[in-house]
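A quick write-up on the structure given underneath.
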Amino acid sequence: MPAPGGAALALPDGTGRLASLEEARALFRSGQVLVAHAAFVAGRLKTSPKEPLFDVLELFAFVRPGVPCVPSAMGLARALGLAPPGNASEQARALRQAGDLLLDELRALPEAQRSRARPLANQLARGGWRWGAVIVDCIGAIEKLPSPITGLDVWQGLPKWEDEAPSAKPSSIPVEAAETRARLEQLIGITGETRVEQQAYAEAAAYAFSPRERAGAPKVALIEAGTGIGKTLGYLAPASLWAEKNGAGLWVSTYTRNLQRQIVQELARLYPDPAEREEKAVVRKGRENYLCLLNYEEAAKRTALAPGQRLVALGLIARWVQATSDGDMSGAGFPSFLAASVPLGELTDRRGECVYAACPHYRQCFIERAIRRSRHAQVVVANHALVIAQASRDWIVDETTDTQPERRVRYVFDEGHHLFDAADSGFSAFVSGFEMAELRRWIRGPEGRARSRARGLEERLKDLVADDEAAQSALEEAVAAAGALAGDGWMRSVQSGVPRGTGEAFLVAAYAHVSARSDDAESFYSREAGTEAMSDALIETAHELARALRRLVAPLIRLANDLRKSLDDKADKLETYSRARVEAAARGLDRRAKLIVPAWIAMLDALDGQSKGEEFVDWFEIEREDGRDFDVGLRRHWVDPTIPLATEVLAPAHGALITSATLRDAGLGEEDWQAAEVRTGAHHLLEPPRRASFGSPFRYSEQARVFIVKDVDRRNLDALASAMRELFLAAGGGAIGLFTAVRALRAVEDRIHTPLAEANLALYAQHVDRLDTGALIDLFRAEENACLLGTDALRDGVDVPGRSLRLVVFDKVPWPKPTILHRARRARFGKTYDDLLTRLRLKQAFGRLIRSEHDKGCFVILESATPSRLLTAFPPEAPVKRCGLAEAIADIRAFLATM
Ligand code: SF4
């Protein structure tokens with residue numbers, strides 16, 4: 001286990017010792033060690049493995065496929081019921097114990113399960129998996145495997161979905177207050193206690209399930225409910241009643257994965273029988289979350305010929321497929337640490353390559369199964385991004401083979417404070433290198449030496465248009481026109497300044513424009529420039545690109561129409577699966593020719609300055625991640641994205657509940673609902689929403705403390721680092737440090753890593769550890785005394801109930817970044833917009849701290865100039881103190897000591 005100055009080793013004789021960094025690196029490279037999460041350890045030791053390692057997480061994924069496990073020694077210990085290890089030495093010992101336990105478990109498996117796992121184990125052993133020989137020893141060898149993909153061919157044994165008759169349209173039978181109360185009591189059960197506030201909340205939420213009285217005027221309830229009220233059960237009471245009385249059509253939408261999981265757990269109270277639950281409650285995510293069996297098959301076939309770590313990862317995914325019920329790769333049971341060995345995007349349908357009914361795995365496809373289940377389910381649990389994406393293309397239905405819509409007539413938007421940002425992203429457009437290359441690949445297939453199943457329109461449609469000259473000519477025209485789009489490797493052209501066609505010429509000019517206008521070339525963040533005073537070259541290339549896109553739209557539309565006509569002409573000859581393919585292909589063409597490309601053309605045309613309108617903000621952007629450019633182009637966002645949210649998502653529904661702990665801006669007194677309506681779009685609706693608010697039952701005067709530290713020069717990185725270190729030590733861990741700049745975060749991490757480790761406090765950090773945000777939060781949550789450093793994205797994703805989170809430190813006031821988009825919004829929403837956003841951010845972050853009546857937490861801002869008007873973000877009962885660092889540290893130590 002990585003430890004200060006090297007690593008803690010647990011030796012075979014039961015003893016342990018510390019190894020120097022040098023020795024730890026040598027051991028790691030030799031492969032003669034047990035580790036948990038090789039990629040993470042490699043990052044910590046700043047080295048790379050030379051030989052395959054014994055990664056206990058891999059053993060866990062094989063022995064207990066589909067079982068959730070946080071990817072760390074602590075996570076393994078918890079998942080296996082071992083005593084939680086404290087320091088690095090204990091963690092090293094726990095790893096040995098975990099390995100022994102798992103191998104014992106494997107030996108004890110019933111023969112039926114061992115024989116199921118045997119082909120894969122033998123395949124992986126031949127492919128060089130470090131655990132392969134050990135596992136084969138436990139479950140038995142196979143002399144000769146029938147093929148190089150035996151064991152990886154998991155699609156063979158999967159069940160097939162069956163179509164069902166369409167469900168009836170939902171009716172409008174109201175939900176009564178008395179039955180809502182009774183349902184809430186049933187959900188809470190005999191162990192729980194019905195609280196007056198929760199009952200009142202449930203009754204207020206029932207308004208969103210009352211019958212609609214006017215077309216386009218949904219019944220919308222806007223309810224703020226402080227943490228601890230019991231919102232989830234509060235709204236599930238009327239929502240589940242509505243679904244039972246009226247049929248399918250209820251979608252519960254969240255922003256974070258955690259809340260989605262929590263809602264599914266709560267639904268077990270409503271449907272205790274797992275079979276009934278499976279039928280009545282479905283989790284729906286975007287296509288990119290599910291394993292695409294065809295992509296997996298092709299990856300497995302390619303990889304089987306080149307054994308190594310990638311084959312191991314695919315093998316462990318095969319093992320997971322044997323256990324998963326839904327194929328959701330973002331779910332808790334997926335071994336996400338495998339992303340270090342195989343890009344997970346390669347295994348999902350990210351690029352619109354799905355061939356639907358033409359796919360040999362169509363009847364086993366996880367995505368198709370989820371879509372079909374959600375058509376009949378009483379409760380669909382989804383996320384804001386999916387709801388918005390679907391609503392925005394409802395007129396094309398979905399690109400599935402089936403035209404049966406998924407009905408969405410009643411919504412519950414939990415974490416409603418995120419609706420604005422979800423709509424902002426869902427209703428935006430970007431004419432960029434990445435987007436153009438995706439479209440080009442979809443039309444022309446892989447070019448050059450790229451190896452992929454993305455076969456292009458010609459390959460996908462050639463048998464369907466074989467005897468249709470008009471369609472063939474439209475297809476040829478589209479393929480030729482797509483040659484103007486930027487292609488794979490476009491970033492090299494941009495960086496060299498030598499474009500290969502119209503699309504890339506536009507990108508080169510856009511890149512030069514942003515570079516000339518933005519100052520910080522070394523920025524970790526995206527760089528941007530407005531559309532004013534553009535060079536002639538940029539305007540000319542934009543016009544050229546718009547003309548090229550018009551040449552593309554026309555044949556795509558003709559092709560879609562020809563395909564639809566063939567459905568009619570060949571009605572008596574086409575087999576079901578061919579019909580389905582034609583329909584899917586026509587919808588895919590429509591989506592690109594009528595939605596995506598026209599939006600790009602409109603943006604390029606608007607660069608003349610006359611046709612943009614007041615509603616949009618356009619700018620050029622070089623997108624960067626960790627200081628590396630990865631996309632460039634022209635962006636368009638709505639100034640107020642709640643306008644399309646209201647018209648395309650809310651108005652067509654019959655009712656919606658928008659709820660959160662942080663909807664209102666407490667800084668504006670009587671007008672505080674204004675913020676909630678501005679952030680949710682409720683003020684754009686025909687009928688005003690019904691508002692309600694419920695305070696939190698927590699005793700913030702006893703449970704929370706807020707400190708504004710007056711004497712830390714946060715621009716001095718040494719001073720900032722020592723402040724963070726001492727605050728974290730005072731809290732004994734369970735602390736999150738939030739930064740507005742990546743540079744400061746990295747500098748602080750570098751300075752406090754060792755002293756915290758010496759105090760047995762693990763430190764995880766965004767932009768330092770080679771893990772995504774979700775995995776970092778999982779690691780942090782699994783330990784009671786860990787510390788975590790992150791930026792904005794982390795603040796939104798943190799959901800850590802209990803002792804694991806007891807201190808939040810902001811390096812400064814989290815003002816919004818002064819971007820072009822923000823400038824436009826401030827002009828629209830007024831000067832107080834900055835304050836409003838900042839207060840909401842503070843309120844949300846504070847809300848993460850106290851999640852139960854037993855929690856205690858401290859909130860620190862290291863900026864003396866924090867304006868008092870922002871402090872209304874905190875509950876009035878929470879004591880706020882402006883003081884020096886030493887005083888804050890002493891107070892925090894004393895306050896948390898009584899936890
Ligand atoms: S139907 Fe589409 S998404 Fe499903 S496995 Fe086949 S290609 Fe993949």
Condition broken by Ala168, with the remaining ones in (1) of a type in the set (A, V, I, L, M, F, W, C); (2) assigned to a helix (DSSP H, G or I); (3) out of contact with any helix residue (DSSP H, G or I) (no Cβ under 7 Å at 6 or more places or on another chain); (4) touching a residue at least 60 places away in the same chain (Cβ under 8 Å) satisfied: (2)
Give just the number: which of (1) modelled with pLDDT under 95; (2) surrounded by fewer than 15 Cβ atoms within 10 Å (Cβ to Cβ) does Gly884 not satisfy? (1)
Lys160 being loosely packed, with under 14 Cβ neighbours inside 10 Å, modelled with pLDDT of 90 or more, part of a loop (DSSP other than H, G, I, E, B) and charged (D, E, K, R): yes
Hey, Val582 more than 19 Å from Asp608 (Cα to Cα) and touching a Pro at 6+ places or on another chain (Cβ under 9 Å) or not: no
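For every residue, the table says whether it meets (1) modelled with pLDDT of 95 or more; (2) touching a strand residue (DSSP E or B) at 6+ places or on another chain (Cβ under 9 Å); (3) part of a strand (DSSP E or B).
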residue: Thr180; (1), (2), (3): yes, no, no
residue: Glu185; (1), (2), (3): no, no, no
residue: Ile190; (1), (2), (3): no, no, no
residue: Thr194; (1), (2), (3): no, no, no
residue: Glu197; (1), (2), (3): no, yes, no
residue: Ala206; (1), (2), (3): yes, yes, no
residue: Leu222; (1), (2), (3): yes, yes, yes
residue: Thr227; (1), (2), (3): no, no, no
Quick check: anything in region 749-761 over 12 Å from Val809 (Cα atoms), basic (Lys, Arg), in contact with a strand residue (DSSP E or B) (Cβ under 9 Å, 6 or more places away or on another chain) and surrounded by fewer than 24 Cβ atoms within 10 Å (Cβ to Cβ)? no
Could you say which residue among Ala77, Ala92, Ala26, Ala39 is in a helix (DSSP H, G or I), within 29 Å of Arg126 (Cα to Cα) and in contact with a helix residue (DSSP H, G or I) (Cβ under 6 Å, 6 or more places away or on another chain)? Ala39
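Please determine, by comparing only the residues of region 130-149 that are touching a Leu at 6+ places or on another chain (Cβ under 8 Å) and part of a loop (DSSP other than H, G, I, E, B), which one is surrounded by the most Cβ atoms within 10 Å (Cβ to Cβ). Please lay out each step first, then the result.
Taking region 130-149 as the starting set, the residues that turn out to be touching a Leu at 6+ places or on another chain (Cβ under 8 Å) are 130-132, 134-135, 138-139, 148.
Imposing the further condition that a residue be part of a loop (DSSP other than H, G, I, E, B) reduces the set to 130-131, 148.
Working: Arg130: 21, Trp131: 25, Pro148: 17.
Top of the filtered list is Trp131.
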I'd like the full set of residues that are part of a loop (DSSP other than H, G, I, E, B) and either under 19 Å from Gly331 (Cα atoms) or modelled with pLDDT under 85 (or both), limited to region 753-782. Arg770, Leu771, Asp772
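Yes/no per residue for (1) more than 20 Å from Ser432 (Cβ to Cβ); (2) crowded, with 16+ Cβ neighbours inside 10 Å; (3) in contact (Cβ under 8 Å) with a residue 60 or more places away in the chain:
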site: Ala580; (1), (2), (3): yes, yes, yes
site: Glu583; (1), (2), (3): yes, yes, yes
site: Gly588; (1), (2), (3): yes, yes, yes
site: Arg592; (1), (2), (3): no, yes, yes
site: Leu595; (1), (2), (3): no, no, yes
site: Leu607; (1), (2), (3): no, yes, yes
site: Glu615; (1), (2), (3): yes, no, no
site: Glu623; (1), (2), (3): no, yes, yes
site: Gly627; (1), (2), (3): no, no, yes
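Looking for whichever is of a type in the set (Val, Ile, Thr) and at pLDDT 95 or above here; the options are Val264, Val252, Val283. Which one fits?
Details: Val264 fails: at pLDDT 95 or above; Val283 fails: at pLDDT 95 or above.
After applying the criteria, what remains is Val252.
With part of a helix (DSSP H, G or I) and more than 16 Å from the ligand (Cβ to nearest atom) as the only criterion, which of Glu276, Glu298 stands out?
On the way: Glu298 fails: more than 16 Å from the ligand (Cβ to nearest atom).
On inspection, the qualifying residue turns out to be Glu276.
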Just wondering, is there one or more residues in region 367-388 that are more than 10 Å from the ligand (Cβ to nearest atom), closer than 30 Å to Leu53 by Cα and in contact (Cβ under 8 Å) with a residue 12 or more places away in the chain? no
In region 326-364, residue surrounded by the fewest Cβ atoms within 10 Å (Cβ to Cβ) [restricted to those that are within 16 Å of the ligand (Cβ to nearest atom) and closer than 30 Å to Glu244 by Cβ]: Ser330
Filter region 163-177 for residues that are closer than 15 Å to Lys245 by Cα and either loosely packed, with under 14 Cβ neighbours inside 10 Å or modelled with pLDDT of 90 or more (or both) and give the result. Ala168, Lys169, Ser171, Ser172, Ile173, Pro174, Val175, Glu176, Ala177
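The values are calculated or read from the model by the stated rules, or taken from the named source; none is laboratory data. For clarity, every value in this text was computed on a predicted model and none was experimentally measured. We place every Cβ from the backbone using ideal geometry, glycine too, and count neighbours over all the protein chains shown.
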